[in-house]
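One structure below.
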There are 2 protein chains.
Amino acid sequence: MPEPIRLGIAGLGTVGAGVVKIVRQQAAMLEARAGRPIAISAVSARNRDKDRGVPLGDYAWEDDPVKLATRADVDVFVELMGGADGPAKAATEAALAAGKDVVTANKAMLALNGQALAEQAEAAGRTIRFEAAVAGGIPVVKALTEGLAGNEIQRVMGVMNGTCNYILTRMENAGLPYETVFEEANKLGYLEADPTLDVGGIDAGHKLALLASVAFGTQVDFAAMQIDGIERVSIEDIRQAADMGYRIKLLGVAQMTARGLETRMSPCLVPATSPLGSLENATNMVVLEGDAVGQIVLRGAGAGEGPTASAVMGDVMDIARGLRLPVFGQPAATLRKAQAASARTPAPYYLRLNLQDKPGALAKVAAAMGEAGVSIDRMRQTQHEGTNAPVLIVTHKTTRDMLEAALAAFPATGVVADEPVSLRIEN
Amino acid sequence: MPEPIRLGIAGLGTVGAGVVKIVRQQAAMLEARAGRPIAISAVSARNRDKDRGVPLGDYAWEDDPVKLATRADVDVFVELMGGADGPAKAATEAALAAGKDVVTANKAMLALNGQALAEQAEAAGRTIRFEAAVAGGIPVVKALTEGLAGNEIQRVMGVMNGTCNYILTRMENAGLPYETVFEEANKLGYLEADPTLDVGGIDAGHKLALLASVAFGTQVDFAAMQIDGIERVSIEDIRQAADMGYRIKLLGVAQMTARGLETRMSPCLVPATSPLGSLENATNMVVLEGDAVGQIVLRGAGAGEGPTASAVMGDVMDIARGLRLPVFGQPAATLRKAQAASARTPAPYYLRLNLQDKPGALAKVAAAMGEAGVSIDRMRQTQHEGTNAPVLIVTHKTTRDMLEAALAAFPATGVVADEPVSLRIEN
């Protein structure tokens, strides 16, 4: 009779309860696949008395997650509390120090402390698995580190915050302004306690930082990422983009260039008919590009009880089966410190300006752009609104620096009212 | 210095040459990821003198793949010859008997002999990996057996023959009949030597049989599959389907039902706006549905040197890293013999009939369908062609048996000219 693998689960929110359900309801299937039983020894959460819709009486209770993580009857510490520091990190460190493997859904903890934790895990001969931290149920960390291990990865792109994608598609489909849909999402409980984590692009940025590390063999470096949220995306831009065959998505892109590693999270225009452009509501999508495999697209639910618990269980099953990789796919000591490159890979840009209704205004703007070296692919002036004329411009491929130079030259033309909107187009 | 893992590669066609290229060109990257060098000891192919665009002088040559597979300096036998029986199977068996692991792209060999080979591999303490056999570069076997290991899989669907999807999308986009596009594809070298393997649905059927086994923990059973090819798909049906918002795809579906395991490969209508409906040309797509994760969609190149070599290398890297699973994800002895169920899961169907232009013809057909218990969702009669009137019917959900009963009753109505076309609609 093979030994069971014994879990200690800290955090019994939606995901934690989902993991307990799977372990209880699918015991025979899990055992057949793993070749050994999956058992739960102990659980921990802030409030012992809350009804979580799943019986917990069979398991020891620990108030203190550090105690849970170091119990003698725990083989794998399942960290589902969240938070970059504090109890999650303390318990993870304690678990590794006590010789436990760790499975976590905690993107913030790993995006900010991943290298140190990976080094600690490897020194202890243990691993940390984090499939659930990125794109919910989509097995993208596994695809990158294992399935595509024969590829030099060239680019990773993803829509990885379901709440932002919900807000953007709802704005488009209902024709509502950002503020209204933000309030709707808030009432529906879709937003984090600090909504900036979602709409500010930080949560998605944490995920992208982890993917960049496993894709490029580099030390996770969240601080180097350029991040813009969706707070300033207007219904007007969504409409104009749609008119030109694009949709606006909060898109993360990690790309290795001759100058170093570019990582950016920002609202971008993508072709409406592309896989990324067709993504509705809270669904996530990750696009992986490798030198041998070409382009692989993965799509699925990015959050929620079942999908996230599925990812946690995938990691648990790997450990139960003895499938153990270094935390970021290769030994932490071999991960390079990436040269962070500012986002200078050329791309076309979408610009929306309000021009004062003066003779020669358009010519002045075009001249300023030309002087900055930015050439115009398409331009159109829409109906006047009062004394200003909205103008839309799609540039040819240009660098962000050159575009910034053009934008910086606009005030001196004396014809550009308001701050122009500029969004990258990712084809 | 860790020991290299040493490959013996049999078959140096496109894929074999691609594998050699990756091992040569990415040696440092592969070693960093695997923690040990990936080396090639020996190769084998039918013709030693052919230029394959990659230097082979560093490797021993074997004319006989069985000799290659059993060489003392080979740890992993990489079988890229193809063929269900014959040299591929003999060499695979010899490799296992000699204690080697096997990596193969050979769907036919495993679809027809998978259970016996899995049992032999496990008795020898070895494994056979076959990611490259299914959907080219898409890591779908890994996603099913590992990433989604916590899920009870409910349904697997896929478009997995790029040639068929090329033919169907080319027919639609160019408005050309099947025969013309088939000839085009033949001239372009897209078809197997025996084209029935492609257009008859057999190649895709082999792939589906393997996915069904890993998805449901059942013994691979190609003989139980219901297979229809695309040979009878007409441009008329493609046009009519498009008019109603559908596209026709050669779709494989494996589904566990209360009556047993349904596996079928057939031309189906799918919504044009769904991920499957949006698939163009030779791209492959697999849709996985699990009880916890919901729906995961994987998309990528299904054939070609790079994508298939990428999948082979993923398996090689797993073995080099010591990530070893049983052949079909769980021990061969625990795989159930599935009860093969005829495809009776209810679905809507598309019917195209030619009705003789007689009074009351439509009523007679509708009555025959009603008597068979098939109810009509939508019906339309298009412009007359001579004395016959083409009629399109979309049924409500019905079983294949009831539909067959309705079709069987048509001749007695005396108003149905020609054989009706019936295609399942998969939503």
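The values are calculated or read from the model by the stated rules, or taken from the named source; none is laboratory data. What you see is a predicted model, and the numbers here were worked out from it, not measured in a lab. Virtual Cβ from ideal backbone geometry, glycine too; neighbours counted across all protein chains shown.
The table below lists the values:
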quantity	calculated
Residues satisfying the stated conditions in region A:158-199, i.e. aliphatic (A, V, I, L, M), more than 20 Å from A:GLY82 (Cβ to Cβ) and touching a Lys or Arg at 6+ places or on another chain (Cβ under 8 Å)	A:VAL159, A:LEU168, A:LEU176, A:VAL181
Test for B:VAL19: is it within 12 Å of another protein chain (Cβ to nearest Cβ), among the aliphatic types (A, V, I, L, M), in contact with a strand residue (DSSP E or B) (Cβ under 8 Å, 6 or more places away or on another chain) and surrounded by 16 or more Cβ atoms within 10 Å (Cβ to Cβ)	yes
Residue list for region A:238-258, restricted to those being charged (D, E, K, R) and crowded, with 22+ Cβ neighbours inside 10 Å	A:ARG247, A:LYS249
Number of the condition not met by A:LEU261 [criteria: (1) more than 15 Å from the chain's Cα centre (by Cα); (2) within 14 Å of chain B (Cβ to nearest Cβ); (3) crowded, with 21+ Cβ neighbours inside 10 Å]	(2)
Condition met for B:ALA105 (within 22 Å of B:MET317 (Cβ to Cβ) and touching a residue at least 24 places away in the same chain (Cβ under 8 Å))	yes
Residue check, B:ASP318 at the interface with chain A (Cβ under 9 Å from one of its Cβ atoms) and crowded, with 20+ Cβ neighbours inside 10 Å	yes
Residue in region A:188-209 that is in a helix (DSSP H, G or I), away from chain B (no Cβ under 14 Å), polar (S, T, N, Q) and out of contact with any helix residue (DSSP H, G or I) (no Cβ under 9 Å at 6 or more places or on another chain) present	no
Residue satisfying all of: in region A:200-228; closer than 22 Å to A:GLU119 by Cβ and among the β-branched types (Val, Ile, Thr); surrounded by the most Cβ atoms within 10 Å (Cβ to Cβ) among these	A:VAL214
Test: residue in region A:30-42 that is surrounded by 20 or more Cβ atoms within 10 Å (Cβ to Cβ), in a strand (DSSP E or B) and within 14 Å of another protein chain (Cβ to nearest Cβ)	yes
Unique match (being of a type in the set (Asp, Glu) and without any contact (Cβ under 8 Å) to a residue 24 or more places away in the chain) among B:GLU184, B:GLU172	B:GLU184
Odd one out for A:ASP51 among (1) part of a loop (DSSP other than H, G, I, E, B); (2) touching a helix residue (DSSP H, G or I) at 6+ places or on another chain (Cβ under 7 Å); (3) of a type outside the set (S, T, N, Q)	(2)
Residue list for region B:277-294, filter: in contact (Cβ under 8 Å) with a residue 12 or more places away in the chain and at the interface with chain A (Cβ under 7 Å from one of its Cβ atoms)	B:GLY290, B:ALA292, B:VAL293
From the options B:GLY158, B:GLY147, residue that is under 16 Å from B:LEU288 (Cβ atoms) and free of Cβ contacts under 8 Å to residues at least 24 places away in the same chain	B:GLY147
Region B:295-309, residues that are assigned to a loop (DSSP other than H, G, I, E, B) and facing another protein chain (nearest Cβ under 9 Å)	B:GLY304
Close pairs from region B:29-47: first closer than 12 Å to B:ARG6 by Cα, partner buried (at least 17 other Cβ atoms within 10 Å of the Cβ) and hydroxyl-bearing (Ser, Thr, Tyr), Cβ under 8 Å, at least 6 apart	B:ILE40/B:TYR59; B:SER41/B:TYR59; B:ALA42/B:TYR59; B:VAL43/B:TYR59
Residue tally, condition outside any helix (DSSP H, G or I) and more than 21 Å from A:ALA95 (Cα to Cα), over region A:1-29	3
Single residue of region A:246-294 satisfying the filter (of a type in the set (Gly, Ala, Ser) and not in a loop (DSSP other than H, G, I, E, B)) that is modelled with the lowest pLDDT	A:GLY260
Selection within region A:169-195 - more than 21 Å from A:GLY302 (Cβ to Cβ) and of a type in the set (Val, Ile, Thr)	A:THR180
Top-ranked residue of region A:327-344 - restricted to ones that are of a type outside the set (Gly, Ala, Ser) and surrounded by fewer than 21 Cβ atoms within 10 Å (Cβ to Cβ), ranked as farthest from the other protein chains (Cβ to nearest Cβ)	A:ARG344
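Residue by residue, here is whether (1) more than 15 Å from the chain's Cα centre (by Cα); (2) away from chain B (no Cβ under 12 Å); (3) within 15 Å of A:ASP198 (Cβ to Cβ) holds:
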site	(1), (2), (3)
A:ALA133	no, yes, no
A:PRO139	no, no, no
A:LYS142	yes, no, no
A:GLY147	yes, no, no
A:ILE153	yes, no, no
A:MET157	no, yes, no
A:PHE182	yes, yes, yes
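Per-residue answers, yes or no, for (1) modelled with pLDDT of 90 or more; (2) more than 30 Å from A:LEU148 (Cβ to Cβ):
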| residue | (1), (2) |
| --- | --- |
| B:MET313 | yes, no |
| B:ASP318 | yes, no |
| B:ALA333 | yes, yes |
| B:ARG336 | yes, yes |
| B:ALA341 | no, yes |
| B:VAL391 | yes, yes |
| B:THR395 | yes, yes |
| B:ALA417 | no, yes |
| B:LEU423 | yes, yes |
